[in-house]
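Before any comments, here is the structure.
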Amino acid sequence: GAVVSQHPSRVICKSGTSVKIECRSLDFQATTMFWYRQFPKQSLMLMATSNEGSKATYEQGVEKDKFLINHASLTLSTLTVTSAHPEDSSFYICSARRGYDEQFFGPGTRLTVL
Amino acid sequence: GIQVEQSPPDLILQEGANSTLRCNFSDSVNNLQWFHQNPWGQLINLFYIPSGTKQNGRLSATTVATERYSLLYISSSQTTDSGVYFCAVVYSGNTPLVFGKGTRLSVIA
């Protein structure tokens, strides 16, 4: 299967700081990338969909000014959590897909905001 | 939007036992995938199965698209099979995967 990497795997930051998470498709070109969020013992919730070179589409209730998504190339998407607060602490998972094919997931980033 | 329901929500098995996990969805789908989320949070692709039957070792899956359900079979379960199993579907075009709530499986020795 295809490989999606995500960095960092874990980050602890102070309230008010910004955190950038990188997602890369290592062995295929991803026409679409997705960002999900997962709270403990819950399912994955879609935050946004991004296509290379265009603005991300955010799900209802997700603040686009807080969660900035950039999809600069067919292999790289970034999620920046701006002015993070403790309630933003969560497990963030990126995903990549080529066309209408199978979707692959990164290993996730565990964010803790103090 | 489309609803994805998984059952059972929790399952405890003795090592060596077999199990069947079910995924029902409320509308026709283009794609369906099964995942295993390991204790570290990594989602591992098990099957990409919008219809038909596939097998991979001790695991197999069947999707009956016309009846809007999919089944994941685990045979001769091992402790390493423990974790959460998710079913997720794409219902239209290039839309993202929509996840069910998962089945939490615990296999005890």
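Just so it is clear, none of the values below were taken in a lab; they were calculated from the coordinates. Owing to the predicted nature of the structure, the values given are computational and were not obtained by experimental measurement. Ideal geometry is used to build each Cβ from the backbone, glycine not excepted, and the neighbour counts take in all protein chains shown.
A few points about this structure:
- Neighbour counting of Cβ atoms within 10 Å sorts the residues A:Phe91, B:Phe47, fewest neighbours leading, into A:Phe91, B:Phe47.
- Candidate aspartates and glutamates - alpha carbon under 20 Å from A:Lys20, same-chain residues fewer than 8 apart omitted: A:Glu52, A:Glu59, A:Glu63, A:Asp65, A:Glu87, A:Asp88
- Computed over chain B, the ratio Rg/Rh where both radii use C-alpha atoms and Rh is Kirkwood: 0.96
- Calculated FRET value between A:Gln60 and B:Asn38, using beta carbons and R₀ = 22 Å, to 0.05: 0.15
- Taking B:Tyr85, B:Tyr69, B:Tyr48 as the candidate residues, the one with maximal mean-square fluctuation in a Gaussian network model of chain B, Cα springs under 10 Å, is B:Tyr48.
- Rg/Rh for the protein assembly as shown (Cα atoms only, Rh after Kirkwood) is 0.97.
- Residue order, fewest to most surrounding Cβ atoms within 10 angstrom, among A:His7, A:His85: A:His85, A:His7
- In terms of other Cβ atoms within 10 Å, A:Ser18, A:Ser95 run from fewest to most in the order A:Ser18, A:Ser95.
- Highest-MSF residue in chain A out of A:Leu46, A:Leu26, A:Leu68 [GNM, Cα springs under 10 Å]: A:Leu26
- Listed pairs A:Lys55/B:Lys101; A:Lys64/B:Lys101; B:Lys54/B:Lys101 exceeding 27 Å between Cα atoms: A:Lys55/B:Lys101
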